[in-house]
1. Please name all residue pairs, on different chains or six or more residues apart, with Cβ atoms under 6 Å, provided the first residue is in segment 28-56 and is free of Cβ contacts under 8 Å to residues at least 40 places away in the same chain and over 14 Å from SER11 (Cα atoms) and the second residue is open to solvent by 30 Å² or more (accessible area, probe 1.4 Å) and acidic (Asp, Glu).
2. For segment 12-55, what are the residues that are open to solvent by 60 Å² or more (accessible area, probe 1.4 Å) and either modelled with pLDDT under 90 or assigned to a loop (DSSP other than H, G, I, E, B) (or both)?
3. Looking at ILE94 and the list (1) under 25 Å from SER11 (Cβ atoms); (2) in contact with a Pro (Cβ under 9 Å, 6 or more places away or on another chain), which single condition is not satisfied?
4. Residues of segment 97-129 being more than 23 Å from ASP14 (Cα to Cα) and touching a Lys or Arg at 6+ places or on another chain (Cβ under 6 Å), which ones?
5. Looking at segment 1-11, which of its residues are open to solvent by 20 Å² or more (accessible area, probe 1.4 Å), within 18 Å of ILE72 (Cβ to Cβ) and of a type in the set (A, V, I, L, M)?
Amino acid sequence: MNVIATAVTLSVGDVTASSRFFTTHLGFRELMVAAGSICLSRDDSACDIVLVQRDSRLPAEALRGRRPEGMIVSFTVTGIAAEQERLRGEGADITMPLRREPWGEWVLRLTDPNGVVVQLVEWLPPAGF
């Protein structure tokens, strides 16, 4: 097997709102827009994000308050402190401010309008290197 691309598909209530979040704050661009779905990509090694409309056959009241649970889309980045300041300036919903974890990473989390949690991580080199 030779994997040539990677994508994560997210089922959301408002495809346009999530697309706006990923394009505004995380540097993605829309590759394909079709009825009920949008494919997002970047020019670096980030995986593609495919946004699909959550089951539109359900009445709106049945979807109200439903958010993705237990899933985090994580990107390893460089310059995470500067990214946090940029995201704050853009008004992104930072739901976990930058902090250092004991296992050697800096991490921050933001949440898109549909409840998709995005984690940005920067790994620290081991002490003495």
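The values are calculated or read from the model by the stated rules, or taken from the named source; none is laboratory data. Please read these numbers as outputs of a predicted model, since none were measured by experiment. For neighbour counting, all protein chains shown are included, and Cβ atoms are generated from backbone atoms with ideal geometry for every residue, glycine included. Heads up: the accessible areas ignore ligands, DNA and RNA and are worked out on the full protein's heavy atoms, side chains in. Shrake-Rupley method; radii C 1.70, N 1.55, O 1.52, S 1.80 Å.
1. SER41/ASP48
2. Scanning segment 12-55 gives ASP14, ALA35, ARG42, ASP43, ASP44, SER45.
3. Just one mismatch for ILE94, condition (2).
4. Once the filter is applied, which keeps residues that are more than 23 Å from ASP14 (Cα to Cα) and touching a Lys or Arg at 6+ places or on another chain (Cβ under 6 Å), segment 97-129 yields only TRP106.
5. Of the residues in segment 1-11, the ones open to solvent by 20 Å² or more (accessible area, probe 1.4 Å) are 1-9, 11.
In the following step, the residues that additionally are within 18 Å of ILE72 (Cβ to Cβ) were identified as 6-9, 11.
Passing the criteria: ALA7, VAL8.
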